[in-house]
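Notes to accompany the following structure.
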Amino acid sequence: MVDDASGPHDKELHRFGSVHTIVKLDTLGRYLPAYTQALKNTGFRLHYVDAFAGSGVCHVKVGIGRRLMVPGSASIAIACTPPFHRMLFIEKTPRRALALQRLRQRAPERNITVIQGDANQALPAYVGQLRPNDRALVFLDPYGMQLEWSVLRGLSSSHVTDVWYLFPLSALYRQAAKDATAIDDDKAAALTRMLGTEEWRTAFYERNRQESLFGGTSDVRRAEVPEMLAWVKKRLETIFPYVEEPKLLHQVLESGKHGAPLFALFFAMSNPAPRAIALAKKIVRGVLKL
């Protein structure tokens, strides 16, 4: 971790996030070696898949005019010991994908593939090639609401993937406006793609019985953020046999206090075997409580 307040800015670097980004990356960094160690002598071929991999380095805002340069998720995965047998980094932006290629070249001892493309297409294609002797840890950190529910459904049906999903909670409650008339067709379609159903309309909204100026009525969102988050967890539980309570990542104010919730970091597991779930639960809860 390097203080980058006065240094030059490399255009390949990922400038985004705040303290919540460090928390997310720290959680991943503690989970990965626990995962590979637990499965080290099982005979499984271990895969790490980063579906929105970025550039491998992040510039994270930690104060007024101050940023820290920290290793991104791809760099954390490369440094993991015991190592993964194979790693796949997917990134849509050309310059970030090029940065990942350079990262791969600096780690010739690792079996790394970089794909420049849409994760909604590249991830299902890769997971579809996995076999019963494979185990994959998939990290989903989409740039907003890009991840389609169909991808999650495919991961769940593989029975060999564990998933960390940074769910864009603030994007959900911003797009699902208080007044349903503010949700245009594009926003509604995006919500349905991300959630895999139009049931969010009835789960979040109810008819406003107060007449409008024109004598009509409109739907109003009655669900607040906790209810919306609980509903998302139930949605994930319809396809995954195990979904851990999410870790909420908040905006951190200049005072140091928590602001609005921005993301919910979910862990979900596709393997229904009780012994596998018990092991995963032990590791995940141990990581999250630190």
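The values are calculated or read from the model by the stated rules, or taken from the named source; none is laboratory data. Worth saying up front: this structure is predicted, and the values here are computed from it rather than measured. FYI the Cβ positions are ideal-geometry reconstructions off the backbone, even for glycines, and counts take in every protein chain you see.
A single entry from 70, 49, 138 fulfils the requirement of being more than 19 Å from residue 269 (Cα to Cα), outside any loop (DSSP other than H, G, I, E, B) and in contact with a strand residue (DSSP E or B) (Cβ under 7 Å, 6 or more places away or on another chain): 70.
If you scan region 11-24, which residues turn out to be surrounded by 14 or more Cβ atoms within 10 Å (Cβ to Cβ) and either modelled with pLDDT under 50 or not in a helix (DSSP H, G or I) (or both)?
Within region 11-24, 12, 13, 14, 15, 17, 18 meet the criteria.
Among the candidates 99, 77, 122, the residue that is within 21 Å of residue 37 (Cβ to Cβ), of a type in the set (Gly, Ala, Ser) and part of a helix (DSSP H, G or I) is uniquely 77. Given the criteria at pLDDT 95 or above, assigned to a helix (DSSP H, G or I) and under 18 Å from the mean Cα position of the chain (by Cα), does residue 281 qualify? So residue 281 does not fit the description; no. Among the residues of region 236-278, which ones are part of a loop (DSSP other than H, G, I, E, B), of a type in the set (S, T, N, Q) and modelled with pLDDT under 95? Scanning region 236-278 gives a single hit, 255. From the list 113, 161, the lone residue that is under 25 Å from residue 43 (Cβ atoms) and free of Cβ contacts under 8 Å to residues at least 60 places away in the same chain is 113.
Among the candidates 272, 261, 246, 241, the residue that is closer than 20 Å to residue 132 by Cβ, surrounded by 14 or more Cβ atoms within 10 Å (Cβ to Cβ) and touching a residue at least 12 places away in the same chain (Cβ under 8 Å) is uniquely 241.
In the set 36, 27, 42, only one residue is touching a Ser or Thr at 6+ places or on another chain (Cβ under 9 Å) and surrounded by fewer than 22 Cβ atoms within 10 Å (Cβ to Cβ); that residue is 36.
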